[in-house]
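The values are calculated or read from the model by the stated rules, or taken from the named source; none is laboratory data. Nothing here was measured: the structure is a model prediction, and the numbers come from that model. We place every Cβ from the backbone using ideal geometry, glycine too, and count neighbours over all the protein chains shown.
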Amino acid sequence: MDRLPRWADVVLVPLVSLLLAAIISALVILSIGEDPWAALKVMVEGSLMTGLGWGYTLYYTTSFIFTGLAVTLAFHAGLFNIGGEGQVQLGGLGVALACLYIPWPHWSLALVGATLGAAAFGAAWAAIPAWLQAKRGSHIVITTIMFNYIAASLLVYLLVDVLRPQGEQSPATARFPATTVLPRLNEVPGLNLIFTDKVLVNVTFFLALAMAVAVWALLWRTRLGYQIRAFGKSESAARYAGINPTWIIMVAMLMSGALAGMMSVNNTMGEAQKLLANSAAGAGFIGIAVALMGRNHPFGVVLAAFLFGFLFQGGAELGLWTKIPIEMRIVVQGLVILFTGALDMMVRMILIRLFAPFRRVKPGTA
Amino acid sequence: MDYDTLLQLLASTVRLATPLILACIAGLYSERSGIFDIGLEAKMLVAAMCSGAVAYASGSAWVGLMAGIGGSMVFAAIHGVASITFRGNQLISGVALNFLASGITVLVAQSLFRQGGRTPPLSGDARFNPIDLPGADALQGVPILGPFYHEVVSGHSILVYAAFAVVVLTWWVLSRTRFGLRLRAVGENPAAVDTSGISVTGLRYAAVMITGVLCGLAGAYMATALQAGFGKEMTAGRGYIALAALIFAKWRPVAALWACLLFGFFQALALRPDVVEGVLHFKVPGPFLDALPYILTVLVLAGFVGKAIPPRAGGQPYVKER
């Protein structure tokens, strides 16, 4: 079968997929009687033209970097972690318990503590599906889906019956103490020259970037990363090379769950300042799209997370300023996943056709 | 708990289990043919919106049902094209369609009716109303069985009876017909089916489209019988419960019926916390009952309660030998 040049594979295929998703999105907007061009303008103006807009966009980007890295890491071990949604919510529980029950003297220590709590709880929630996959052969996709729903029910129970302060109506924990408030980027010396208004994005953004570098270093610069990738490419070859499958499945899933859980530092500690019901709000699933768009490379994930951050914030602007409902952003996300993930081969086939006339025919193969 | 309460609970179980049964059997066709489908939820949601909107516009539940099936089949076709023709990742296609359905249903309902993403309330012939089976009133005097027949068996909409008929039909198709045998074979060993000159692609498309039809029934039931109109995210995870039931039943039709009835019973119990507390003498948290289907399914998956072995070729695109 014909193959595409490497640059086309890495750059062109995702771009064409995006373009197709954008065209269908435009048609959807047209069909409900609105103007796609005006919609795009509203999206860009609201998310990239003001400091405030950038604040929102980067805030969402931060969340999606975590969930995107979670999917990426598991994917390199050949595991499809679809349970980000549940792991994020459990991570939120870790953050809430760390912030509420430990008296932190300063936000920096609270950040470390909450991050560890989030990672531990997220990892713990991924541990059971991982163990069932490794030891009992249960399909990880199905078990992680089930665990998303079990997590949602568990959180509803905890927030309504256990952690809700007396006299409160809404299912949420008490507000975290003031010493756990993370600085927003407009409070960081130097950056306050760029962000003059109070913005949503907080120091967790740098934690997310650091995690992207860490995942890259782990996967391509360590022995464990090599083992994970080898296992993901061929389980039997890895087994033959003396790599312990149970160990790899457990380690990859625990780290994946920890990364997903850490997203809660951004939204629960950095924004809401209390744990809310359904705190993941779809970010776990968006992580799948981010990993796909980012071609399962941590740096690609950062770029793709930014794209989805833009879509998320732009979609919110649509809901505010136009007659297009905010749900449009879910449609766009669905289309992006469909074209970049499921219809990948279609895009490739089209491109191979287009490339065919330009390719040199090697002697003997024509 | 007295007998009347039990009957109420069982009647409610039947009503709540119906969309699960239809969606579960829908998933069964797809998965037995080797195509994973985690997008049952998407198809139900689209069908619910289409049937709610069209039933309102036409005033006929039957026209609404047709529209619901049509909408669901469009989504099934997309899944088919992505996972059969273009050999894409079936799980990712399912995730994408779930997103797409969740957004597009609200978008369309909002642009049509401007009621915050709902369709207008249905009444009269625009809904599937309860039908009384013959003799339900006459036999009510018979002790124990009479009230049971009157409350639990009779008095449901036609789609409830259709769901039970679908289970029987599916059992017959899978175990007694040539199509069923081939369908099961294509999910286990597509190469063997291909070698005997039968189209793997054709069979899988057929299965995926049957999934579309049945999810259409499930969604239409949600919007035109169980409730009166479509509301945002109204399927509320039922597609995933159906998927859980399918695994719980180990991909077998009659077992799927029982699994769905059991999970429907949990849903009915969750609506009546007073009854649960009255019987058990302690408070069971509602969320626990919501989570119970998933917990039980995980136990089955773990092999603690029997062993769930999926169709062997499930999830793998078939590449024809050249």
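Among the residues making up the range B:213-270, a single one is crowded, with 24+ Cβ neighbours inside 10 Å and at positive phi: B:Gly229. Report, by residue number, each residue of the range B:109-121 that is surrounded by fewer than 23 Cβ atoms within 10 Å (Cβ to Cβ), more than 7 Å from chain A (Cβ to nearest Cβ) and not charged (D, E, K, R). Result: B:Leu112, B:Phe113, B:Gln115, B:Gly116, B:Pro120, B:Pro121. Of all residues assigned to the range A:149-161, none qualifies as being more than 10 Å from chain B (Cβ to nearest Cβ) and buried (at least 18 other Cβ atoms within 10 Å of the Cβ). Scanning the range A:18-45 for residues that are small (Gly, Ala, Ser) and modelled with pLDDT of 90 or more yields A:Ala21, A:Ala22, A:Ser25, A:Ala26, A:Ser31, A:Ala38, A:Ala39. Highlighted here are the helices (runs of 4 or more DSSP H) found entirely within the range B:118-204 that include at least 2 residues which are within 28 Å of B:Ala242 (Cα to Cα) and aromatic (Phe, Trp, Tyr): B:158-176. Out of A:Thr62, A:Thr57, A:Thr67, one residue alone is in contact with a Leu (Cβ under 7 Å, 6 or more places away or on another chain), hydroxyl-bearing (Ser, Thr, Tyr) and closer than 19 Å to A:Ile288 by Cα. It is A:Thr57. Filtering the range B:220-243 to residues that are assigned to a helix (DSSP H, G or I) and either of a type in the set (Lys, Arg) or under 11 Å from the mean Cα position of the chain (by Cα) (or both) leaves B:Ala220, B:Tyr221, B:Met222, B:Arg238, B:Gly239, B:Tyr240, B:Ile241, B:Ala242, B:Leu243. Annotation note: of A:Pro245, A:Pro129, the sole residue that is in contact with a Lys or Arg (Cβ under 8 Å, 6 or more places away or on another chain) and at pLDDT 90 or above is A:Pro245. Would a scan of the range B:85-101 turn up a residue that is buried (at least 17 other Cβ atoms within 10 Å of the Cβ), of a type in the set (Val, Ile, Thr) and either closer than 28 Å to B:Ala228 by Cβ or away from chain A (no Cβ under 11 Å) (or both)? For the range B:85-101, residues buried (at least 17 other Cβ atoms within 10 Å of the Cβ), of a type in the set (Val, Ile, Thr) and either closer than 28 Å to B:Ala228 by Cβ or away from chain A (no Cβ under 11 Å) (or both): absent. Of the residues making up the range A:201-253, those that are part of a loop (DSSP other than H, G, I, E, B) and either among the hydroxyl-bearing types (Ser, Thr, Tyr) or surrounded by 15 or more Cβ atoms within 10 Å (Cβ to Cβ) (or both) are A:Val201, A:Val203, A:Thr222, A:Ser234, A:Ile243. Each residue in the range B:68-95 was checked for being without any contact (Cβ under 8 Å) to a residue 24 or more places away in the chain, in a helix (DSSP H, G or I) and more than 17 Å from B:Ala206 (Cα to Cα), and 1 pass. Restricting attention to the range A:119-143, the residues being touching a Gly at 6+ places or on another chain (Cβ under 7 Å) and at the interface with chain B (Cβ under 10 Å from one of its Cβ atoms) number 2. You will find that of A:Ala260, A:Ala289, A:Ala304, the residue that is assigned to a helix (DSSP H, G or I), within 30 Å of A:Asp161 (Cβ to Cβ), under 11 Å from the mean Cα position of the chain (by Cα) and touching a residue at least 24 places away in the same chain (Cβ under 8 Å) is A:Ala260 and no other. Would it be correct to say that A:Ala174 is touching a residue at least 60 places away in the same chain (Cβ under 8 Å) and either within 21 Å of A:Gln273 (Cβ to Cβ) or in contact with a strand residue (DSSP E or B) (Cβ under 9 Å, 6 or more places away or on another chain) (or both)? For A:Ala174, the condition - touching a residue at least 60 places away in the same chain (Cβ under 8 Å) and either within 21 Å of A:Gln273 (Cβ to Cβ) or in contact with a strand residue (DSSP E or B) (Cβ under 9 Å, 6 or more places away or on another chain) (or both) - is met.
Here's the yes/no breakdown for (1) out of contact with any strand residue (DSSP E or B) (no Cβ under 7 Å at 6 or more places or on another chain); (2) among the polar types (S, T, N, Q):
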site	(1), (2)
B:Gly103	yes, no
B:Gln110	yes, yes
B:Arg118	yes, no
B:Gly135	yes, no
B:Ser154	yes, yes
B:Ile158	no, no
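So is B:Phe265 modelled with pLDDT of 85 or more, outside any helix (DSSP H, G or I) and within 18 Å of the chain's Cα centre (by Cα) or not? It is false that B:Phe265 is modelled with pLDDT of 85 or more, outside any helix (DSSP H, G or I) and within 18 Å of the chain's Cα centre (by Cα).
Inspection of the range B:242-256 identifies at least one residue that is more than 14 Å from chain A (Cβ to nearest Cβ), in contact with a Leu (Cβ under 8 Å, 6 or more places away or on another chain), hydrophobic (A, V, I, L, M, F, W, C) and in contact (Cβ under 8 Å) with a residue 12 or more places away in the chain.
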